[in-house]
Amino acid sequence: MRFRFDKILFILSTLFFLTTINLAQTEREKGIELYRQGEYQQAVEVLQKIVKTEEDNRPAWLYLGASYVKLKKDVAAVQAFHRTNVIYKKNLTVYDKQLKIVSRPQANYTRSAEKNLTSGTVKIAVEFGADGKIGFVFPFQSLPDGLTENVLAAAKTIKFEPAIKDKKPVTVVTVLEYNFSL
């Protein structure tokens, strides 16, 4: 009798755990969909709840940051995008077809950067629109001497094929890095 009770308890706890994960993913998808519909404040409210309970939910942090960009809350956007960098787990939204970057122009080194021996990484969040156009390009880790500006200009000319979900193109936000070294 004891064995059955333990087995039943294990099965029930496993079901509870799986249901909790599924609800969080459903809420995350709701927040992302609110973002895509232009309901940025509502997206923030939903996504903030997700990241409070799931600190490693990278897609939730990405779209939370993107929502802050749209609401012109740059400090909060920077904090959210920085959070995506410390998350190493793969927690990706599943698409029928992933975003495909066809052409990613290099950002040019400036004379000033060469003169000052500036090197490092510029990190940007980029909105890849369902319409095949770049939306926002938001720097959250910068470099001096015109390098950040060159990265922004290069990123705005990226060519891509949108991600496809449920047989429709969808807007995707992701983080890109541009590295400079001498």
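Test each condition in (1) within 18 Å of Tyr63 (Cβ to Cβ); (2) surrounded by fewer than 17 Cβ atoms within 10 Å (Cβ to Cβ) for Glu149 and report the one that comes out false.
Evaluating Glu149 over (1) within 18 Å of Tyr63 (Cβ to Cβ); (2) surrounded by fewer than 17 Cβ atoms within 10 Å (Cβ to Cβ) leaves (1) as the failure.
Look at Leu182 and say whether it is surrounded by fewer than 16 Cβ atoms within 10 Å (Cβ to Cβ) and not in a strand (DSSP E or B).
The answer is yes for Leu182.
When you look at Asp166, is it without any contact (Cβ under 8 Å) to a residue 40 or more places away in the chain and surrounded by fewer than 14 Cβ atoms within 10 Å (Cβ to Cβ), yes or no?
No.
Yes/no per residue for (1) assigned to a helix (DSSP H, G or I); (2) of a type in the set (A, V, I, L, M); (3) assigned by TED's automatic domain parsing to the domain that holds Leu34:
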position: Ser67; (1), (2), (3): yes, no, yes
position: Val78; (1), (2), (3): yes, yes, yes
position: Asn108; (1), (2), (3): no, no, no
position: Ala130; (1), (2), (3): no, yes, no
position: Asn150; (1), (2), (3): yes, no, no
position: Phe160; (1), (2), (3): no, no, no
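Taking the condition of being surrounded by fewer than 23 Cβ atoms within 10 Å (Cβ to Cβ) and more than 16 Å from Val170 (Cα to Cα), how many residues in region 59-75 meet it?
6
In the set Glu27, Glu33, Glu55, Glu45, which member is over 29 Å from Glu149 (Cβ atoms), at pLDDT below 90, part of a helix (DSSP H, G or I) and not small (Gly, Ala, Ser)?
From the options Glu27, Glu33, Glu55, Glu45, the qualifying one is Glu27.
Being farther than 30 Å from Ile50 by Cβ, surrounded by fewer than 18 Cβ atoms within 10 Å (Cβ to Cβ) and acidic (Asp, Glu) narrows it down to one of Glu177, Glu161, Glu114, so name that one.
Glu114
For a quick check of your reading of the model, give me the residue pairs whose first member lies in region 25-39 and is outside the structural domain of Pro59 (by TED's automatic domain parsing), whose second is crowded, with 18+ Cβ neighbours inside 10 Å, with beta-carbon atoms closer than 8 Å and at least 6 apart or on different chains.
As it stands, the answer is none, since no pair meets every condition given.
Inspect all residues belonging to region 139-148 and state whether any of them is aromatic (Phe, Trp, Tyr) and over 19 Å from Ser103 (Cα atoms).
Yes - at least one qualifying residue is present in region 139-148.
The values are calculated or read from the model by the stated rules, or taken from the named source; none is laboratory data. All of these numbers come straight from a predicted model, not from anything done at the bench. Cβ sites come from the backbone with ideal geometry, for glycine too, and all protein chains shown count toward neighbours.
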